[in-house]
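Peer 1: Below are the structure tokens for one structure; questions will follow.
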Amino acid sequence: MSSKKDIRSFNEDQLKEILISNSFKPFRAKQILHWIWSKSAHRFDEMSNIPVNLIKFLKENFVINFIKVHRMQKSSDGTIKNAIELYDGYIVECVLIPTKDRITACVSSQVGCSLNCKFCATAKLKRMRNLNPDEIYDQVVLIRKQSEDYFKRPLTNIVFMGMGEPLMNYNNVLKSIEKISSKSGLGMSQKRIVVSTSGVPKMIKKIADEGVKFKLAVSLHSAINEKRTSIMPFNDKMNLKELEESLSYWYKKTKKIITYEYVVWKGINDTDADISALVEFCKKTPSKVNLIQYNNIDDPDFVQAPVHILNKYIKTLESYKIKATIRKSRGQDIDAACGQLANKS
Ligand code: SAH
């Protein structure tokens, strides 16, 4: 590992300053950043419009850190899972999910996770560190390329539903989204990005204040406080009341409807009382419900509830005019589905 600084940690103004204080022309900053972000240059030598003495200076003082594909697996349903290696050797996973009219990139935001959801494979890994903005951005670049190479179609959507809790790496996630959506990056609309959070009220309020344009999904799984704490123990500190307040604040500020992600497990949240609690929670803020299929992580406590229970959820929610859908799982055969990302490789 090099002790030189990653050039991608500097923005244009910072790079300009460095150039000026070393007697180079400041306009070169824009050119250098264009090579790095828009053209994904991996080496300074590729920068054909940069003078030789400046390339020499860059090589002596900086590195360009890039993610490397450590292992790629393809599911029988077309899903591609990449285990990617970061500059310091850590591995995280990102997934390409193809459907009839979309290609979605599911990206990671942390190495491991600091939260402790009992049903999630990533939670079994300790949180080692946050990903840098460029490490998140590079996952999107990689999947965008795979989308063109393997499906001859453009990447259409991005979901922050990989490893980690995006709102616990708030600054870097926001910076990566800025780059992904800016003209000097990938120029993808923020409307096609979903940030999925386990529900960190303080941070939800903060992003609401930032005027962000992406969508928010919240992993709810139970609208009964004690029950949610038993499956998502951090809920003890940031309870449902606080979550609910932060979500109505989000709606007030952004006017964007929230998606609740919800898995129904046998003997855990499969009763009428669970359904009523969810209805009451949904009534508080404009929202819809995505019932996601449970992906097995070899824990006997968690078993997917049968389809008639899911249908009961849907019917009841719809009778209150709350939109609800069942989301089919993808890439299960290669452990690429929600909650299964745990670097088995
Ligand atoms: N930390 C964020 C994003 C990562 S998890 C969050 O919690 O939202 C992405 C989604 O997968 C979340 O809704 C999470 O609750 C869900 N999930 C976790 N483990 C799962 C499993 N074993 N089966 C199905 N979904 C799971």
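Peer 1: Based on this model, can you work out whether Val140 counts as more than 20 Å from Pro98 (Cβ to Cβ) and in contact with a Leu (Cβ under 7 Å, 6 or more places away or on another chain)?
Peer 2: No.
Peer 1: Kindly evaluate Lys205 against the criterion of being of a type outside the set (Val, Ile, Thr), in the same structural domain as Val95 (by TED's automatic domain parsing), over 30 Å from Ile275 (Cβ atoms) and in contact with a Lys or Arg (Cβ under 9 Å, 6 or more places away or on another chain).
Peer 2: In short, no.
Peer 1: Ok, one more. Take Lys74 and decide whether it is within 16 Å of the ligand (Cβ to nearest atom), under 27 Å from Ser329 (Cβ atoms) and not small (Gly, Ala, Ser).
Peer 2: For Lys74, the condition - within 16 Å of the ligand (Cβ to nearest atom), under 27 Å from Ser329 (Cβ atoms) and not small (Gly, Ala, Ser) - is not met.
Peer 1: Does at least one position in region 146-164 carry a residue that is under 27 Å from Phe10 (Cα atoms), away from the ligand (no atom under 16 Å from the Cβ) and surrounded by fewer than 18 Cβ atoms within 10 Å (Cβ to Cβ)?
Peer 2: No: region 146-164 contains no residue that is under 27 Å from Phe10 (Cα atoms), away from the ligand (no atom under 16 Å from the Cβ) and surrounded by fewer than 18 Cβ atoms within 10 Å (Cβ to Cβ).
Peer 1: Then there is this: Give region 297-314 a look and list any residue that's in contact with a strand residue (DSSP E or B) (Cβ under 8 Å, 6 or more places away or on another chain) and either within 11 Å of the ligand (Cβ to nearest atom) or free of Cβ contacts under 8 Å to residues at least 24 places away in the same chain (or both), or say none.
Peer 2: Hits for region 297-314 are Phe302, Gln304, Ile314.
Peer 1: Can you pull out every residue in region 192-218 that is β-branched (Val, Ile, Thr), free of Cβ contacts under 8 Å to residues at least 60 places away in the same chain and within 20 Å of Ser182 (Cβ to Cβ)?
Peer 2: Residues satisfying the conditions are Ile193, Val195, Ile207, Val212.
Peer 1: Within region 306-326, how many residues turn out to be in contact with a helix residue (DSSP H, G or I) (Cβ under 7 Å, 6 or more places away or on another chain) and open to solvent by 50 Å² or more (accessible area, probe 1.4 Å)?
Peer 2: Counting residues in region 306-326 that are in contact with a helix residue (DSSP H, G or I) (Cβ under 7 Å, 6 or more places away or on another chain) and open to solvent by 50 Å² or more (accessible area, probe 1.4 Å) gives 3.
Peer 1: Here's a follow-up. With respect to Leu317, is the statement that it is within 16 Å of the ligand (Cβ to nearest atom), of a type in the set (A, V, I, L, M) and in contact with a strand residue (DSSP E or B) (Cβ under 9 Å, 6 or more places away or on another chain) true?
Peer 2: no
The values are calculated or read from the model by the stated rules, or taken from the named source; none is laboratory data. Only a predicted model underlies this, so the values are computations on that prediction, with no experimental measurement involved. Please note: Cβ atoms are built from the backbone with ideal geometry, for glycine as well, and neighbour counts cover all protein chains shown. Side chains included, ligands, DNA and RNA excluded: accessible areas come from the protein's heavy atoms. Shrake-Rupley method; radii C 1.70, N 1.55, O 1.52, S 1.80 Å.
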